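Q: Okay, here's the structure, questions in a sec.
Computed from the coordinates by the stated procedures, all read-outs in this text should not be read as laboratory data. These figures come from a predicted structure and were not determined experimentally. Methodologically, a virtual Cβ is constructed for each residue, glycine included, from the backbone with ideal geometry; neighbour enumeration extends over all protein chains shown.
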Amino acid sequence: MGYVKAAELDELSPGQMKMVSISGKEIVLCNVDGKYYAADNFCPHMGAPLSEGELDGTDLWCPFHGASFDVTTGDVLSPPAYENLTCFPVRVTDEAVEIEIQ
Ligand code: FES
């Protein structure tokens, strides 16, 4: 499918995130100090929407039971989740922030 527009250039400030729905997939797009990262929006523990949690630096905290993930790698950092998130490549063009979907 290739790169798909996910946000306007000035839409997310550092420390902010949002849920993006692209062809049926829900993805959380995070701005970490001006760099963008994208991962599955669903917590692998019980499916909480991670975009409704908290972003603290590179750590994304689940809103339900407090699992955390490194948004730069998708790695799970703390229980009760034990599976990593799938991450998606992100690029910034002159016009938008785009996520690559296979
Ligand atoms: S649903 Fe995320 S920690 Fe339980």
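Q: Condition check: more than 16 Å from the ligand (Cβ to nearest atom), touching a residue at least 12 places away in the same chain (Cβ under 8 Å) and in contact with a strand residue (DSSP E or B) (Cβ under 9 Å, 6 or more places away or on another chain). Does VAL28 satisfy that?
A: Working: more than 16 Å from the ligand (Cβ to nearest atom): no; touching a residue at least 12 places away in the same chain (Cβ under 8 Å): yes; in contact with a strand residue (DSSP E or B) (Cβ under 9 Å, 6 or more places away or on another chain): yes.
It is false that VAL28 is more than 16 Å from the ligand (Cβ to nearest atom), touching a residue at least 12 places away in the same chain (Cβ under 8 Å) and in contact with a strand residue (DSSP E or B) (Cβ under 9 Å, 6 or more places away or on another chain).
Q: Provide a single number: the residues in region 44-102 that are outside any loop (DSSP other than H, G, I, E, B), within 16 Å of the ligand (Cβ to nearest atom), within 16 Å of MET19 (Cα to Cα) and in contact with a Pro (Cβ under 8 Å, 6 or more places away or on another chain).
A: 4
Q: Can you name every residue in region 13-25 that is more than 16 Å from the ligand (Cβ to nearest atom) and either in a strand (DSSP E or B) or among the aromatic types (Phe, Trp, Tyr) (or both)?
A: Applying the first criterion (more than 16 Å from the ligand (Cβ to nearest atom)) to region 13-25 yields 13-16, 18, 20-25.
LYS18, VAL20, SER21, ILE22, LYS25 - these are the residues of region 13-25 that are more than 16 Å from the ligand (Cβ to nearest atom) and either in a strand (DSSP E or B) or among the aromatic types (Phe, Trp, Tyr) (or both).
Q: Now a separate question. Can TYR37 be described as aromatic (Phe, Trp, Tyr) and exposed (fewer than 13 other Cβ atoms within 10 Å of the Cβ)? Spell out the reasoning first.
A: Numbers: aromatic (Phe, Trp, Tyr): yes; exposed (fewer than 13 other Cβ atoms within 10 Å of the Cβ): no.
Spelling it out, it is not the case that TYR37 is aromatic (Phe, Trp, Tyr) and exposed (fewer than 13 other Cβ atoms within 10 Å of the Cβ).
Q: Next question, about the same structure. So LEU85 passes all but one of these: (1) within 24 Å of LEU9 (Cβ to Cβ); (2) among the aliphatic types (A, V, I, L, M); (3) in contact (Cβ under 8 Å) with a residue 40 or more places away in the chain; (4) buried (at least 20 other Cβ atoms within 10 Å of the Cβ). Which condition number does it fail?
A: Every listed condition holds for LEU85 apart from (1).
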